[in-house]
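Values quoted throughout were computed directly from the atomic coordinates according to the rules given, and no laboratory measurement underlies them. Predicted model only: the values in this text are computed from it and were never measured. In this analysis, Cβ positions are derived from the backbone assuming ideal geometry, glycine residues included, and neighbour counts consider all displayed protein chains.
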Amino acid sequence: MDTGKKKYIYILFLLLLYLGVMWENKHQQEKTQSLTDDSAKEVITAGNDVSAYQERKKVALTFDDGPGESTKKLLDGLAEREVKATFFVVGEKVEQYPDIIARMKEEGHLIGNHTYSHVQLNALSCESAMEEIRKNSDVIEQIAGERPLYLRPPYGECTKSMKNQLDMFLVLWDVDPLDWSVQNTECIVQSVLRDVEENDIILLHDIFDTSVEAAFQIVDSLTKENYEFVTADELMFP
Ligand code: NI
């Protein structure tokens with residue numbers, strides 16, 4: 001081989017080597033670029049999730065007069081949907097269903113007082129009224145390990161002097177579909193979905209199957225409308 005040919009092959013070799021190195025570099029750059037794009041996308045998606053979470057409208061489901069036969073099914077459905085609710089329980093029923101009360105507590109629901117024997121407090125003497133409340137708190141405390149801080153007086157009524165004597169917060173309601181009276185799932189759901197607004201407290205009774213079924217439909221519908229279900233204390237003291 002003459003010197004010219006050798007030179008020619010040498011230059012060709014260098015050229016191929018150069019092209020090879022360039023190709024590899026470009027390939028690496030593309031890889032890095034696509035990785036960066038993906039991470040950027042992840043950050044943006046996470047950002048959107050956070051803002052969507054912050055914009056969710058709060059609402060509270062509250063259940064009075066239980067626990068009862070339907071409460072277990074209600075707790076199952078709420079757990080499935082990862083929803084927390086508030087239960088204003090009656091002492092006589094608490095004694096019948098201690099396991100249900102323990103489960104409420106364990107699953108993060110708020111347990112409130114609805115008197116020991118579901119009495120209309122303002123028809124009683126202040127002393128008897130306080131005894132009804134205290135007795136129920138005792139029963140709840142024995143099972144749940146702490147005294148309830150929230151009271152819903154049956155029929156929403158108690159006197160001013162009772163209120164002054166109480167060391168508890170009163171919780172009434174904003175949306176009342178009269179579920180105990182209609183006992184029709186579709187009517188209850190329609191009534192609640194028509195009336196509900198942000199930060200509302202919804203009143204239902206977990207002693208009726210129709211109300212439990214309605215609660216599930218209400219949760220499913222309102223979740224799609226960007227509502228978030230919280231316990232009553234979270235609405236009162238955000
Ligand atoms: Ni009641």
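What is the spin-label model distance, in nm, from PHE169 to GLU131 if the labels are put 7 Å beyond Cα along the C-beta direction?
Using points 7 Å along Cα→Cβ, the separation is 3.0 nm.
Please report the net charge: other residues with Cβ closer than 13 Å to the Cβ of VAL90, K and R +1, D and E -1.
That works out to -3.
Please check which bits of segment 145-159 a label hung off ALA102 would reach, taking the label as a point 7 Å along Cα-to-C-beta and the cut-off as backbone N under 20 Å.
In segment 145-159, the label zone of ALA102 (backbone N under 20 Å from the point 7 Å along Cα→Cβ) covers 145-148.
Binned at 5 Å from 0, what are the whole-percent values of the Cα-Cα distance distribution for segment 155-238, short to long?
Spelled out bin by bin, segment 155-238 gives 3, 13, 23, 20, 18, 11, 7, 4, 0 percent.
For LYS57, which sequence-distant residues (separation of 5 or more, or a different chain) have an amide H within less than 5 Å of its own amide H, given hydrogens modelled in the peptide plane?
For LYS57, the qualifying residues are TYR227, GLU228.
Quick one: which residues, 5+ away or cross-chain, put their amide H under 5 Å from the amide H of TYR150? H built at 1.01 Å from N.
Result for TYR150 returns ASN113, PHE169.
For every other residue with a beta carbon closer than 10 angstrom to the beta carbon of LEU170, add +1 if it is Lys or Arg and -1 if Asp or Glu, then tell me the sum.
Summing Lys and Arg as +1 and Asp and Glu as -1 gives +2.
Using the eigenvalues of the Cα gyration tensor, what equivalent ellipsoid semi-axes result for segment 56-142 when each is taken as the square root of five times the eigenvalue, whole Å, largest first?
25, 14, 10
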